[in-house]
Amino acid sequence: MFCQVFVNFQSVVAISETQKLAIIDNCEAIRENLKNVQKLDSRMRVFFGQHFEAILSKFIIPLNLRLVENSLSNTNLIENQNEFASKKTAFAADFISYQQELENLMMLDCKSNPEKFYEKIEVVRGKREIVFNDVARMKKLITKNMQLVEKMKAEV
């Protein structure tokens with residue numbers, strides 16, 4: 001984590017005068033756009049959080065319990081369940097971290113300190129990318145679970 005933050009810190013490029021003036025001139029519009037992004041992202045977090053929880057609690061766990069009860073336990077399915085639960089927790093934590101950084105960004109005055117504002121935008125972008133990657137990993141785990149179930153179904 002520290003290395004990732006350090007690398008991101010090192011890659012921050014000073015903003016040009018043109019970018020600085022654009023931030024100052026469009027400050028209110030930028031702030032309004034950030035509010036809209038925050039609202040939409042909060043809805044998406046709820047959607048994905050509920051979606052992931054339902055998949056885990058209504059499909060993955062009950063299936064694995066039923067397989068264990070019938071002496072058909074599959075270690076790959078159990079490992080996938082554990083990884084899914086772990087990644088779901090990471091998604092929630094990463095989203096909270098992203099949301100906090102977005103809140104911090106929205107509290108900055110983009111007119112009086114456009115350089116700091118731009119730096120914080122870059123941090124927020126990085127945090128948002130982490131959340132995006134979490135969702136992609138969850139999707140892969142869902143697909144993997146479906147493939148494992150289909151494979152097991154074909155073998156039984």
- prompt: Mind checking which pairs have a first residue in the stretch 22-43 that is in contact (Cβ under 8 Å) with a residue 40 or more places away in the chain and a second that is loosely packed, with under 13 Cβ neighbours inside 10 Å and of a type in the set (Gly, Ala, Ser), Cβ under 9 Å, 6 or more apart or different chains?
  reply: Ile24/Ser112
task: Go through the stretch 62-90 residue by residue and tally those that are small (Gly, Ala, Ser) and in a loop (DSSP other than H, G, I, E, B).
output: 2
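Search the stretch 10-21 for residues being under 16 Å from Lys120 (Cβ atoms) and small (Gly, Ala, Ser), and hand back the single one that is modelled with the highest pLDDT. I'd like the intermediate steps shown before the answer.
Residues of the stretch 10-21 under 16 Å from Lys120 (Cβ atoms): 11-15, 19-20.
Pick out the ones that are also small (Gly, Ala, Ser) and you get 11, 14.
Values: Ser11: 51, Ala14: 81.
If we take residues in the stretch 10-21 being under 16 Å from Lys120 (Cβ atoms) and small (Gly, Ala, Ser), then Ala14 is modelled with the highest pLDDT.
Looking only at residues that are assigned to a loop (DSSP other than H, G, I, E, B) and in contact with a helix residue (DSSP H, G or I) (Cβ under 7 Å, 6 or more places away or on another chain) in the stretch 93-127, which one is farthest from Asp25 (Cα to Cα)?
Leu108
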- prompt: How many residues does the stretch 28-49 hold that are touching a helix residue (DSSP H, G or I) at 6+ places or on another chain (Cβ under 8 Å) and either surrounded by 13 or more Cβ atoms within 10 Å (Cβ to Cβ) or modelled with pLDDT under 95 (or both)?
  reply: 10
- request: State whether one or more residues within the stretch 111-133 are free of Cβ contacts under 8 Å to residues at least 60 places away in the same chain, under 27 Å from Ile55 (Cα atoms), of a type in the set (A, V, I, L, M) and surrounded by fewer than 13 Cβ atoms within 10 Å (Cβ to Cβ).
  value: no
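The values are calculated or read from the model by the stated rules, or taken from the named source; none is laboratory data. Fair warning: this is a prediction, and the values are worked out from it, not measured in the lab. Virtual Cβ from ideal backbone geometry, glycine too; neighbours counted across all protein chains shown.
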